[in-house]
Amino acid sequence: MSEGKEIIIRAATADCWPDFEDLMGEKGGYGGCWCMTWRLTNKAFEAQKGEGNRLEMKKNFESGPPPGLLAYDGSTAVAWCSLAPRTAFPRLENSRVLKSVDGEEVWSVSCFLIRKSHRKMGLSVALLQAASAFVREQGGRILEGYPIAPNKKPYPAVYAWTGFEKAFHQAGFSEVLRRSDTRPIMRKNLVIS
């Protein structure tokens, strides 16, 4: 991180779109996803991969509510996490491994993208903590995530776009179900008792 600069995390609103585009890069994140993977069915995602996904995410930024959070180092966006009520992510429900645990209304942190220059600095944990606060402010009671629990090391960070299990533990999440050895479903209760 830049010396003397504090990381600021804020909701991704329409005025942040150029920063998000810059962070996603020419390829649009992971192979043209533009962080639309979970927000669309597999068929719709493949049909509009690349530019179509970019335009769809731009609509999300413009129409609100914010589709996620951006972390800034100075004026540069260095990290992103996708965040919304689970119902905004239809592909999760169609997943054999990540389908709903129960009937609880939950919010989901579905993806992360962190600039290579800012990896291994705790930004995933910071984003998860900020996401918890954001969801609590919106009246949400439970925040859920779908991290990777690597069965081999080192595991390339670029393939862990749903985050690492360790970061979720550090941010106060607990495993609630595991239908696959490498994919726990983790939750954090946001109700302050």
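The values are calculated or read from the model by the stated rules, or taken from the named source; none is laboratory data. From a predicted model like this one, the values you see are computed outputs, not experimental measurements. Note that we place each Cβ from the backbone using ideal geometry, even for glycine, and neighbour counts take in every protein chain shown. Ligands, DNA and RNA are stripped out before the accessible areas are found, and what is left, the full protein with its side chains, is counted by its heavy atoms. Shrake-Rupley method; radii C 1.70, N 1.55, O 1.52, S 1.80 Å.
Highest mobility in the GNM of the chain, judged by mean-square fluctuation with C-alpha springs under 10 Å and restricted to SER132, SER63, SER82, is found for SER63.
Do any GluC sites (Glu not before Pro) in region 60-135 lie in a loop, going by DSSP, with at most 15 other beta-carbon atoms within 10 Å of their beta carbon, and if so which?
Answer by residue number: GLU104, GLU105.
Cβ-Cβ distance of THR13 and TYR155, R₀ of 30 Å, FRET efficiency by 1/(1 + (r/R0)^6): the value works out to about 0.35.
Atom-type composition of the exposed protein surface of region 1-143 places 49 percent of the accessible area on carbon and sulfur (1.4 angstrom probe).
Subtracting the Cα-Cα distance from 0.36 nm times the residue separation, let me have the gained length for LYS58 to GLU46 in nm, one decimal. Could you put the intermediate results ahead of the total?
Numbers: separation 12, 0.36 × 12 = 4.32 nm, distance 1.75 nm.
Net length gain for the segment: 2.6 nm.
Looking at the square roots a ≥ b ≥ c of the eigenvalues of the Cα gyration tensor of region 90-139, which shape do they give, rounded for a/c under 1.5, prolate if a/b is larger than b/c, or oblate? Don't jump to the answer; show the numbers that get you there.
Working: a/c = 3.30, a/b = 1.47, b/c = 2.25.
Cα axes put region 90-139 in the oblate bin.
Take the Cα of VAL176, go 7 Å toward its beta carbon, and the backbone nitrogen atoms of region 132-147 under 14 Å from that spot belong to 140-147. Placing +1 on the Cβ of every Lys and Arg and -1 on the Cβ of every Asp and Glu, with nothing else charged, gives region 114-174 a dipole about its Cα centre of roughly 340 debye. Among the trypsin sites (Lys or Arg not before Pro) within region 69-104, those in coil by DSSP and having at most 15 neighbouring Cβ atoms inside 10 Å are ARG96, LYS99.
For the chain, give the share of DSSP beta bridges that are antiparallel, in percent and rounded to the nearest 5; count only bridges with both residues there.
On the way: 26 of 30 bridges.
Antiparallel: roughly 85 percent of the beta bridges in the chain.
Solvent exposure of region 1-112, expressed per residue, is 48 Å² of accessible area, with all protein chains present and a 1.4 angstrom probe.
Plainly put, region 58-135 has a radius of gyration that is 1.00 times its Kirkwood radius, both from alpha-carbon atoms, as the Rg/Rh ratio. Tell me whether region 95-193 comes out rounded, prolate or oblate; compute the Cα gyration tensor, take square roots of the eigenvalues as a ≥ b ≥ c, and use a/c under 1.5 as the rounded threshold. Verdict is oblate for region 95-193.
Please list, by residue number, every one of the chymotrypsin sites (Phe, Trp or Tyr not before Pro) in region 1-97 that is coil in DSSP and has at most 12 other beta-carbon atoms within 10 Å. It would help to have the intermediate numbers written out before the result.
On the way: sites: PHE20, TYR30, TRP34, TRP38, PHE45, PHE61, TYR72, TRP80; in loops: TYR30, TRP34, TRP38.
Sparse-neighbourhood loop chymotrypsin sites (Phe, Trp or Tyr not before Pro): none present.
Size of the dipole of region 49-95 about the Cα centre, Lys and Arg at +1 and Asp and Glu at -1 on the beta carbon, nothing else charged, in debye to 20?
Values: 6 positive and 5 negative charges, 28 e Å.
With only Lys, Arg, Asp and Glu charged at Cβ, the dipole is about 140 debye.
Does region 33-182 classify as rounded, prolate or oblate by the C-alpha gyration tensor (a ≥ b ≥ c root eigenvalues; a/c under 1.5 gives rounded; else a/b over b/c gives prolate, otherwise oblate)?
Rounded.
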